[in-house]
Amino acid sequence: MNIADLGDIRLHYKDEGPKDGPAVVFANSLGTDLRLWDDMLPHLPSGLRLIRYDKRGHGLSDCPEAPYTMGALVRDAEGLLDHLGVKDCVFVGLSIGGMIAQGLAVKRLDLVRGLVLSNTAAKIGTRQMWQDRIAAIGSGGIEALADSILERWFGPDFHKSDAFSAWRNMLLRQPQAGYIGCSAAIAGTDFITPTSGLRLPTLAIAGSEDGSTPPDLVRETADLIPGSQFEIIRRAGHLPCVEQPETYAQILTTFLSEIGHI
C-alpha cells in the first residue's frame, strides 16, 4: 500500500506501470475512491505509467474535518505529483476530479501536458444547491440522498446489474466529513475564467444519461479551451468508465495517441 505524506495530508495512491513510461493520472469523483478506474485500466495500452489516488476525505487517504477548498484539493494533487517526480502527465479527472484537473493545469502547466475532463464542468451547480445537499447529509447522513445520487451516477441498465450494489455500498461507506468537505469545495468553485485561458490538448467526455453534469454542460466547458475535443458515451451516466470501460478506454487511447503520449 502506497501512502504519500505531503505534510498536512497523507494520500493513498497507486503507481502502476513503468516509471519511465508516459504518465496518466486519474482523479475520481465525489463519493468514490480510486477503484473507480479498476475496470477501465486493463483496456489501456501497455507501457503507460498509471497513477491514481484517493483525494482527501475519500478511500484510504486522510479525512480532515470539513469544509475543504478547491485550492487544497489542487494542492494535494500538485504535492502528490511532485512527490512522485511526475512531469508532463495527461491528467484525467472525473466530476470533482475534473475540477481539480482544471485548477492544476492553471497553476502548474509544467505538470500537465494534456487534460481529460470527464463528466465535469468549470462550475457545477449553485452554491445554494450544494449548501442544501450538505445540510441534508448533515442531518440524515449520506443514505438520505443515496438513491438520488445513484440515479445520477448510472444509466437505467446498470441499476439492474449485480455490480450496482457494490457502488451503492461504496457511497454509503464514504466518510461523511469527506463528502461534505468536497461538496463545499465544489460549491465555492467557478473556473470559467481561468479555464478559458488554458491552451493545451483537451478531451471532454460526457455520458448521455448523466444527471449530474449533462452533456451540454460538459460541452460548454470544453468550448472554453480552443481546439478541445468532445465525446459522448451513449447509455452511460455520470461514471461512464464504470458502465462502459472498454468504450471509455478506447476514447482515451485515441486521444493519447493523437497528442503523442503513447
Among the residues of region 147-162 satisfying the criterion of being touching a residue at least 12 places away in the same chain (Cβ under 8 Å) and of a type outside the set (Phe, Trp, Tyr), which is surrounded by the most Cβ atoms within 10 Å (Cβ to Cβ)?
Gly155
When residues of region 10-42 are filtered for being in contact with a strand residue (DSSP E or B) (Cβ under 8 Å, 6 or more places away or on another chain), buried (at least 20 other Cβ atoms within 10 Å of the Cβ), in a loop (DSSP other than H, G, I, E, B) and among the small types (Gly, Ala, Ser), how many remain?
1
Qualifying residues in region 155-174 (those that are part of a loop (DSSP other than H, G, I, E, B) and modelled with pLDDT of 95 or more) - the one farthest from Asn28 (Cα to Cα)
Arg173
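Taking the condition in contact with a Ser or Thr (Cβ under 9 Å, 6 or more places away or on another chain), part of a helix (DSSP H, G or I) and closer than 19 Å to Ala66 by Cα, does Gln131 pass?
On the way: in contact with a Ser or Thr (Cβ under 9 Å, 6 or more places away or on another chain): yes; part of a helix (DSSP H, G or I): yes; closer than 19 Å to Ala66 by Cα: yes.
Answer is yes for this residue.
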Find the residue count for region 235-262, including only residues that are closer than 22 Å to Thr32 by Cα, in a loop (DSSP other than H, G, I, E, B) and in contact with a Ser or Thr (Cβ under 9 Å, 6 or more places away or on another chain).
5
Residue ID - surrounded by the most Cβ atoms within 10 Å (Cβ to Cβ), chosen from residues in region 43-73 that are in contact with a Pro (Cβ under 8 Å, 6 or more places away or on another chain) and not small (Gly, Ala, Ser):
His58
Give the number of residues within region 27-53 that are of a type in the set (A, V, I, L, M, F, W, C) and within 12 Å of Leu252 (Cα to Cα).
3
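The values are calculated or read from the model by the stated rules, or taken from the named source; none is laboratory data. The shown structure was predicted, so the numbers you read here are calculated from the model rather than taken from an experiment. In this analysis, Cβ positions are derived from the backbone assuming ideal geometry, glycine residues included, and neighbour counts consider all displayed protein chains.
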